[in-house]
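The values are calculated or read from the model by the stated rules, or taken from the named source; none is laboratory data. What you see is a predicted model, and the numbers here were worked out from it, not measured in a lab. With ideal geometry, Cβ positions are generated from the backbone for all residues, glycine too; neighbour counts draw on all protein chains shown.
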Amino acid sequence: MLQYWPLIAVAAVLMTVEGAALGGFAYLIQPLFDDLFAAGSMSGVAWVAFAIAGLFLLRAIAGFTQRLMITWIGLNVTTTLQTRLVNHLLALDMRFFSDNAPGALIERVRGDTAALQNLAASVLMSVGRDTVTVISLLTVMMISDWLWTLTALIGLPVMVVPLLMLQTFIRTTSRKAREAAARLSTRLDEMFHGVQAIKLNRLEHHIETRFFGEARSYLRHMFRAQIGVASNPALIDVVAAIGFVAVLYYGGAQIIAGEKTVGEFMSFFTALGLIFEPLRRLSNIVGQVQAAVASLDRLYAVLETKPTILPPATPNPITPGAIRFDEVAFGYDEAEVLKAISFVAEDGQTTGIVGPSGAGKTTIFALLTRLVDPQSGQISIGGTPIDTVDITGLRDTVAVVGQETALFDETIAQNIRLGRLDASDADIMQAAKDAGVWDFAEHLPDGLDTLVGPRGSSLSGGQRQRVAIARAMLKSAPILLLDEPTSALDARSENLVQAALERLSKGRTTLVIAHRLSTIRDADKIIVLDRGRVVEEGTHDALMTADGAYAKLHALQSAGIDPDL
């Protein structure tokens, strides 16, 4: 905000001009009536008319300019806040994203910051302009008659307690409305992500009903909050009604008695009539502030959340080498996922990891890349514990190809470039050819410049996987993690992807989570997990000879029975 203070100062001057103009207008009413109209003279009317017109012209210019300035400042501050929020969110651990739905986070980044932007613009413009307006009009009223002024505002003390009670009500209902808005965004996020499953399972009516329920909840809470906000200016109108009646009786009697002039009364009455509108806006701002505080609380809750996975103060250099897990244990809350597992993935070799669902296979990858940290035990690469090296350096040494490919709504080339942002076009083309992407991209109208659509929706599953492999090839990291990259593909796509993976894994330390045991038959070592423990390890032939867990899984799969790997 500091860089905007010069603009805010200029805007404040313009607000003062805009606000004071109404006071000047009310002040000119007295001489218009007493010195000109009462005297039956038109000689000075033109001067007063031009003075009033000049005031309103000056007010228009000042108001237009300061509104543009405040809006520009508000939009820039909002963008800065949104960027800061995104930067902070990206620094948080995966556990945070497991506990918070994407829709709720979107609502915080977009909805809550937009609410603050609207508040900032309203507060700066209204408080600056309307406060000056009220002061200038009160000055005119006091000049006319201080007793009339006290009489006009006689109802204000009565409304203090109801106004204070309203603020608490507005803050509570606004917080509930923001929470309901977050739930609504979550439902929309789920709906758009799962639209295929919704259609295939004929869930349209169910989803519509659930969304309608959330929408009604949001509507109910938002309406209650708006009742509170709307009540603020309504109470000011009650004060205005009491004040007008009191002044008409008290002031009117003095005019009839000849104690006050018509010009004095008209000047006072004009100021009184004008003062309640800025008072209404100021009272409305109080309600908006309470509503925005709910958004501010939610934003602070995110900004005050600190990551638990932190780089060491003095990181050690990382050297590619054997990957070692020593008595590593990990769990979520009360659920144990890995129970003191130990194994070694040798440098430059391929190590397969198999086991039933829930055995902890994917968790191994999350631990190795420090998306999560173990509760106990140690993980090392090349003899260096990974919690002693810089996190960015660790992740630079690892390339991951998963079963769900993360593609963005950009071109094929741009998605490949994410593997190494400084890569040349020639590097990207080479990676596309090595991964088999060019085999299908050359037949597309725009080649590698073809947009892949939201989450790669315009590409097939096999094509998306080959783009992910090209990205990993471009990154050229010494460690490769493959998380069932062919499990959801048809036979032809699997062969194409498998060929690209073989080229990618050559010369790299590779860990493969395998659904089809045939894909890791030639692995240098196979680790068999069951219920969070390593129950077997060895080559395919050695494990088959041992006739243990791996052999049973192989027999089931050979018989066409899915052992739920």
With criteria (1) assigned to a loop (DSSP other than H, G, I, E, B); (2) assigned by TED's automatic domain parsing to the domain that holds Ile513, Ile318 comes up short on (2)
Just checking, does region 413-426 include any residue being assigned by TED's automatic domain parsing to the domain that holds Ala500, buried (at least 17 other Cβ atoms within 10 Å of the Cβ), polar (S, T, N, Q) and more than 27 Å from the chain's Cα centre (by Cα)? no
All positions within region 520-548 that are in a helix (DSSP H, G or I) and without any contact (Cβ under 8 Å) to a residue 60 or more places away in the chain: His540, Asp541, Ala542, Leu543, Met544, Thr545, Ala546
Which of the following residues is at pLDDT 85 or above and of a type in the set (A, V, I, L, M): Leu517, Leu451? Leu451
Which number in (1) touching a residue at least 60 places away in the same chain (Cβ under 8 Å); (2) crowded, with 16+ Cβ neighbours inside 10 Å; (3) within 30 Å of Arg531 (Cβ to Cβ); (4) among the aliphatic types (A, V, I, L, M) marks the one condition that Val302 misses? (3)
Just to confirm my filter: which strands (runs of 3 or more DSSP E) fall fully inside region 349-405 and include at least 1 residues that are in contact with a Pro (Cβ under 9 Å, 6 or more places away or on another chain)? 376-381, 398-401
Can we say Val467 is surrounded by fewer than 23 Cβ atoms within 10 Å (Cβ to Cβ) and at pLDDT 80 or above? no
Return the pair list, or none, for Cβ contacts closer than 9 Å from residues in region 135-155 that are over 20 Å from Ala21 (Cβ atoms) to residues that are among the basic types (Lys, Arg), at least 6 apart or on different chains. Asp145/Lys260; Trp148/Lys260
Selection from region 406-441 of residues more than 13 Å from Leu459 (Cα to Cα) and in a loop (DSSP other than H, G, I, E, B) yields Leu418, Gly419, Arg420, Leu421, Asp422, Ala423, Ser424, Ala435, Gly436
